[in-house]
């Protein structure tokens, strides 16, 4: 288990699970969540990602806050999913200026490292040089 790569799952990964608006991506996400629960994947989420999930589900998908709160609570109960919260805001501001990626994305990028890769459907992250990214479909 120590050789297992650490993976930080981005906001859009979780949104695809809740919204089910893209069936193919929903299927991929469902399979990965099962692998996380089975201990096959070392999975992480951060408070910034949780905050973004809340915002997107309430503001864009117009889900009731109570329903979103319920999802977030169940998310935090997924066996094998750990919360990390190490963010370099100064570095994130520099990434935003240099690559033109939204600030929240840059803050999430600073939560990765040589040992932690970002799992995302968002190709905007490809603009950030040196960021280790993994497409979710490569994990199924």
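The values are calculated or read from the model by the stated rules, or taken from the named source; none is laboratory data. Given the structure is predicted, the values throughout are model-derived calculations rather than measurements. Please note: Cβ atoms are built from the backbone with ideal geometry, for glycine as well, and neighbour counts cover all protein chains shown.
Worth pointing out:
- Test result for residue 75, surrounded by 12 or more Cβ atoms within 10 Å (Cβ to Cβ), touching a residue at least 60 places away in the same chain (Cβ under 8 Å) and more than 11 Å from the chain's Cα centre (by Cα): yes
- Those residues of region 103-140 which are touching a helix residue (DSSP H, G or I) at 6+ places or on another chain (Cβ under 7 Å) and part of a loop (DSSP other than H, G, I, E, B), in sequence order: 110, 120, 121, 122, 128, 131, 140
- One residue stands out in region 12-26 among those that are part of a helix (DSSP H, G or I) and without any contact (Cβ under 8 Å) to a residue 40 or more places away in the chain: the one that is surrounded by the most Cβ atoms within 10 Å (Cβ to Cβ), namely 17.
- The residue list 93, 51, 63 contains one member that is surrounded by 13 or more Cβ atoms within 10 Å (Cβ to Cβ), within 12 Å of the chain's Cα centre (by Cα) and either in a loop (DSSP other than H, G, I, E, B) or modelled with pLDDT of 95 or more (or both), which is 51.
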